[in-house]
Structure formats: structure tokens, C-alpha cells
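Each remark here refers to the structure printed beneath this line.
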Amino acid sequence: MTDYRQAALDFARQHKTDFLNNLKEIVAIPSISTDPERTADILRTAEWVAARLRGLGIEQVAVLPTGGHPVVFGEWLNAPGKQTVLIYGHYDVQPVDPIELWHTGPFEPTEVGENLFARGASDMKGQIIATLSAIEAIVRTGGLPVNLKFLIEGEEEIGSPSLEKWILENKDLLKADFCLNPDAGMMGKETPSITYGLRGLAYFELRVYGPEHDLHSGMAGGIVHNPAQALAELIAAMHDADGRITLPGFYDSVRVLSAEERADFARLPSTEADYLALTGVSALWGEPEFSPQERTGARPTLEINGMISGFTGKGQKTVLPAWAMAKISCRLVPDQDPEAVHQQLKQFLTEKAPKTIRWELEKFSGAPASISDTKQPGVKALSSALETMWGKRPLLKREGGSIPVVGQMQTILGIESVLTGFGLPDDGVHAPNEKLHLPTWYRGIDALIHFFFNL
Ligand code: BES
Ligand code: MN
């Protein structure tokens with residue numbers, strides 16, 4: 001009897017360079033979903049993914065409109081009686097600014113030592129290509145042991161605003177036993193892990209308006225409430241001295257961590273020193289009664305993602321600005337609702353904003369947190385695949401990041417996600433000089449081959 005598993009692993013070993021070249025092709029396309037100037041590149045990336053799926057013999061491959069950026073769909077259903085795995089990915093990436101901090105062009109993939117540098121190398125084009133490479137190795141050496149469907153979207157990095165409706169309208173097309181979602185990472189290159197919890201997100205823009213136009217700060221200073229100052233005062237009031245968020249009712253629906261969950265967090269190997277090294281700050285901050293692992297994995301936050309007002313050019317200009325703006329987002333935990341948080345922020349502003357200014361609040365994307373079932377068979381298959389490759393049992397962990405589709409699939413399709421990925425904490429995702437650790441990536445491809453055979 002042919003050992004199909006071994007044949008696929010041999011194929012993967014012999015085709016590492018091809019897999020890497022394939023990855024270099026896709027990361028070279030600047031598919032920044034938030035940038036309206038990149039719409040053509042977004043389409044080009046979707047077509048690239050579709051072509052790659054067709055090349056693997058996947059059927060019904062199509063680039064389908066959503067109202068926003070398109071999704072790529074495909075399926076291979078020729079293993080009757082076997083499970084159907086829905087594979088999720090996102091082909092879009094985050095913006096590259098501050099561009100001047102990149103050592104090499106973000107869309108000119110560059111190998112340095114064991115790493116490949118490029119925007120999207122880790123989050124998550126690298127993870128899509130790892131999955132497709134594992135599938136290619138299996139397809140070329142005897143065939144797939146499971147049925148597959150693919151849903152590769154182009155709006156994850158802007159909160160998947162069109163996906164929920166698209167999933168609702170395509171429920172039958174997406175029928176599957178579970179979803180493999182490789183958009184989460186590992187804790188370290190020798191610490192395989194499976195993610196079962198993700199935070200949600202609610203994203204806002206707050207604009208504060210003062211005088212009709214910029215004023216001479218000598219003439220107006222002292223009589224006009226500076227909008228930059230008013231915005232800073234409002235933002236400062238959104239936390240108390242212990243790092244707790246002061247929006248009215250913000251914590252009301254936050255699910256309390258059980259003693260068991262807290263014990264799980266305490267077992268994670270990361271230390272305060274690891275967080276200091278990873279972030280480069282001189283001291284950590286946040287709610288003192290929770291550990292850093294709990295604060296990133298299971299506590300909600302309110303972050304200022306950016307602020308702008310007045311004169312920010314070189315040199316000096318004595319101006320009292322007419323307006324100020326902040327991008328604000330909250331990471332959410334079970335059972336917070338993004339729309340409820342929107343209302344809480346609105347109420348906070350209604351109560352706290354001074355009469356001297358006018359404010360406007362705009363809500364962008366929103367997605368609730370998700371907790372995935374760790375007892376489902378897909379987790380078992382992945383766990384043993386990771387153990388085969390790393391020689392140790394993977395850790396189960398909750399992540400601070402968000403992937404809106406995970407909750408959408410639970411509520412609309414009733415299916416659970418198995419979350420994995422072969423990115424590392426120091427990959428610089430969403431930051432300058434994003435990279436992918438290639439030895440870990442190749443190991444991940446082998447792990448995915450094992451995963452498909454374990455099912
Ligand atoms: N891959 C990340 C999510 C992630 C980050 C999972 C860290 C596990 C660990 C994903 O691409 C991402 O960055 N999502 C956005 C979603 C948001 C815009 C709704 C995020 O978390 O900021
Ligand atoms: Mn991301």
C-alpha cells in the first residue's frame with residue numbers, strides 16, 4: 001500500500017523553493033484593503049488566488065462580488081463520505097506606513113537569513129500559501145483524503161464589513177463540518193499553539209470641532225477652548241487611574257473569568273519580561289488585578305489608534321486649530337456587543353463633552369469576540385499534527401487580536417473554527433518590516449499535511 005502521507009511530505013520537502021517563490025509572488029501585490037487607490041491590486045490578488053486554486057484542481061473557483069472587495073470561492077467535493085473542511089483566509093493586508101522605517105520595500109519580498117520580509121508575509125498571505133502548499137503536496141501525490149471548500153476574503157483587515165451579509169446569502173454554498181482558519185499565530189518557534197479565543201472589535205472616529213477656522217493662538221488663546229485640548233481631555237477621561245475604562249456600562253456584560261480559566265492563563269509560559277522585550281516599553285500598563293496574559297487575552301480595552309490636529313509640519317506655527325480627530329477602537333470580550341459599546345461611547349460624550357466644542361462620532365467596523373470549541377475533532381487532528389512536528393503538545397490559548405469571520409460562522413453557519421498559523425510574536429504584523437520565519441513556515445506546511453491526513 002502506498003503511504004500517501006509520506007509521499008506528500010516528500011513532495012513538500014522537494015518543493016520548498018517553489019512554495020517560497022509562490023509566496024513571493026502574492027506578497028508582491030499591494031492588496032491594502034483600506035486604501036481606495038489599491039482597488040485594482042485587490043482585484044489582482046483575488047484573481048491570483050483564484051488561479052492558484054484552479055491550478056490545484058479545485059472546482060467552481062470564482063471571484064465573487066460582495067458589495068466591498070470580492071471573495072474567492074472554490075470547492076473540491078470528490079471524497080464522498082468524508083468530512084468537508086471550509087478553509088478561510090484573507091488576501092488583504094494592512095497599510096505600510098510609516099514607510100520610511102522599512103529596510104526593504106514592503107512589496108519587494110526580501111530574504112534575510114531565515115526570514116522573508118514583506119507586508120502580508122506573516123499576516124496572512126504566508127498562512128494561505130502554507131495551506132495551499134500542503135494541499136498541493138497532497139493533490140500531486142495521490143489525492144485528498146477530505147472534501148474542501150475555500151472562502152478567501154479581501155476585507156478582514158478592515159473588519160470584514162461585507163462578509164456577514166455575503167455568508168448569509170450563501171449559506172448552502174458554505175456548508176461544511178468545520179472551518180480551518182490559519183490566521184492566528186504561534187507563541188514561539190518551539191511552542192506550537194492552538195487559538196480558541198479571539199477578542200472582538202468596535203472601531204470609531206471621533207471628531208471635535210471648535211472655531212470656524214484655525215485662529216491666531218495669540219488672539220484666541222485664553223478665550224477659545226482648543227479642540228486638540230478638548231479631545232485630549234475627553235480621551236484622558238476614558239480611563240481611570242487603574243486603567244479601567246469609564247464608559248457607562250462598559251463592563252456590565254463582560255463575562256467574568258472562571259477560576260479554571262484564570263488557572264489556564266497562569267499556565268501560559270510567557271512572562272512579564274517577554275512582554276517588555278516584545279514591545280520595547282520600559283514598564284507595562286493596565287488593570288493591576290489581571291495578568292498581562294489576561295489583559296491581552298480576556299479583558300476589553302479602549303485604544304487610541306491615531307490622533308491629528310492643527311500644525312504638525314516642520315518648525316513652528318502659532319495656531320489654535322479648528323478641529324481635532326482621533327481614531328479609537330475597543331477590543332471586546334465575551335459577551336460584549338459592538339453596537340452597545342457604540343452607544344456607551346456616545347453616552348459618555350453626551351455627558352462629558354464641554355459646551356465649548358461640537359463633536360461627531362462615526363462607527364466603522366464591529367465584531368463580537370469568539371470562543372471556539374476545543375473538543376471538536378478538528379482540534380484533535382490539528383493538535384496531534386502539531387505534536388508530530390514539534391514533539392510536544394500544543395498550548396491552547398486565547399488571543400488579543402480579532403477575526404470577525406469566526407463569530408459570523410458560529411452564528412450564521414453553526415460551524416466552529418480551528419485556529420492555527422505559523423507566524424511568530426516578533427513578526428511585526430501591522431508594523432514596519434513584517435517578516436515570516438521560514439523554517440517555522442516549512443514545518444507548518446508539514447503539520448498541515450499531517451492535519452489533513454489525521455482527519
Ligand atoms: N491575524 C490577525 C488576527 C490575530 C492577531 C489573531 C493576533 C491572533 C493573534 C488579523 O489579520 C487581524 O489583524 N485582524 C484585525 C481585525 C480587525 C480589523 C477587525 C485586528 O485584530 O486588528
Ligand atoms: Mn491582521
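The values are calculated or read from the model by the stated rules, or taken from the named source; none is laboratory data. What you see is a predicted model, and the numbers here were worked out from it, not measured in a lab. Quick reminder, even Gly has a Cβ in these numbers, built from the backbone with ideal geometry, and neighbours come from all protein chains shown. Each accessible area value is taken on the protein alone, full model and side chains, heavy atoms only, with ligands, DNA and RNA left out. Shrake-Rupley method; radii C 1.70, N 1.55, O 1.52, S 1.80 Å.
Which cross-chain or sequence-distant (5 or more) residues have an amide H under 5 Å from the amide H of I87, H modelled 1.01 Å from N in plane?
K149, F150, L151, L180
Specify whether the C-alpha gyration tensor of segment 65-157 places it in the rounded, prolate or oblate class, a ≥ b ≥ c being the square roots of the eigenvalues: rounded for a/c under 1.5, otherwise prolate if a/b is larger than b/c and oblate if not.
Taking the square roots of the gyration eigenvalues as a ≥ b ≥ c, segment 65-157 is oblate.
Going from most exposed to least, what order do W390, W285, W48 have by accessible area with a 1.4 Å probe?
Of W390, W285, W48, the descending order of accessible area is W285, W48, W390.
Using the C-alpha atoms of the chain, what convex hull volume per residue, in cubic angstrom, is computed?
158
For T411, T34, T45, give the ranking by accessible area with the largest first, probe 1.4 Å.
Heavy-atom accessible area, descending, gives T411, T34, T45.
For a Förster distance of 60 Å, can you work out the FRET efficiency between the beta-carbons of K392 and R358, rounded to the nearest 0.05?
Computed FRET efficiency for K392 and R358 comes out at 0.55.
Nearest 5 percent is fine: what portion of the DSSP beta bridges confined to the chain is antiparallel?
Rounded to the nearest five, the antiparallel share is 70 percent.
What FRET efficiency would be calculated for the residue pair D172, M219, taking the C-beta separation as r and a Förster radius of 45 Å, to the nearest 0.05?
Calculated transfer efficiency: 0.10.
Let me check I've understood the local charge: for L116, count other residues with C-beta under 15 angstrom from its C-beta, Lys and Arg +1, Asp and Glu -1. What total comes out?
That works out to -2.
Using a Förster distance of 25 angstrom, determine the FRET efficiency expected from the C-beta separation of T374 and D337, and round it to 0.05.
Between T374 and D337 the formula returns 0.55.
With a 1.4 Å probe and every protein chain kept in, tell me what percent of the accessible surface of the chain is carbon plus sulfur.
Carbon and sulfur atoms account for 52 percent of the accessible area of the chain.
Local charge sum around Y251 (other residues, Cβ-Cβ under 15 Å, Lys/Arg +1, Asp/Glu -1)?
That works out to -2.
Starting from the Cα of K82, move 7 Å in the Cα-to-Cβ direction to define the label point; list residues of segment 431-455 whose amide nitrogen is under 13 Å from there.
449-455
Per the Kirkwood formula on distinct C-alpha pairs, the Rh of segment 303-455 is how many angstrom?
Result for segment 303-455 stands at 19.8 Å.
What translational diffusion coefficient, to the nearest whole µm²/s, does segment 387-442 have by Stokes-Einstein, given a Kirkwood radius computed over alpha-carbon pairs, a temperature of 25 °C and 0.890 mPa s viscosity?
Stokes-Einstein gives a translational diffusion coefficient of 176 µm²/s.
Once every Cα of segment 103-207 carries one equal point scatterer and solvent is ignored, give the base-10 log of I(q)/I(0) from the Debye formula at q = 0.13, 0.23 Å⁻¹, two decimals.
At q = 0.13, 0.23 Å⁻¹ the computed log10 ratios are -0.74, -1.44.
Ranked from highest to lowest mean number of other Cβ atoms within 10 Å per residue, what is the order of the peptides 108-116, 155-163?
Result, highest mean first: 155-163, 108-116.
Counting other Cβ atoms within 10 Å, keep those with at most 16, restrict to DSSP loop, and tell me which trypsin sites (Lys or Arg not before Pro) in segment 348-455 are left.
Qualifying residues, ordered by number: K355, K375, K392.
Given the convex hull of the Cα atoms of segment 110-158, what is a quarter of its surface area in nm²?
That works out to 4.8 nm², a quarter of the Cα hull's surface.
Ordering E260, E387 by accessible area with a probe of 1.4 Å, largest first, what comes out?
From most accessible down to least: E260, E387.
Can you give me the Kirkwood hydrodynamic radius for segment 1-145, using every pair of distinct Cα atoms, in Å to one decimal?
Kirkwood radius, segment 1-145: 16.5 Å.
What number comes out for the charge environment of G423, summing +1 per Lys or Arg and -1 per Asp or Glu over other residues with Cβ under 12 Å away?
-3
Cross-link list K125/K175; K125/K380; K317/K352; K317/K346; K175/K392: which exceed 28 angstrom alpha carbon to alpha carbon?
Where the Cα-Cα span goes over 28 Å, the pairs concerned are K317/K352; K317/K346; K175/K392.
Work out, step by step, the length gained on full extension between E114 and A263: first 0.36 nm times the residue separation, then minus their alpha carbon distance; give nm to one decimal.
Length difference between fully extended and current span is 50.1 nm.
Using alpha-carbon positions, what is the distance between the centroids of segment 79-121 and segment 256-327, in Å?
25
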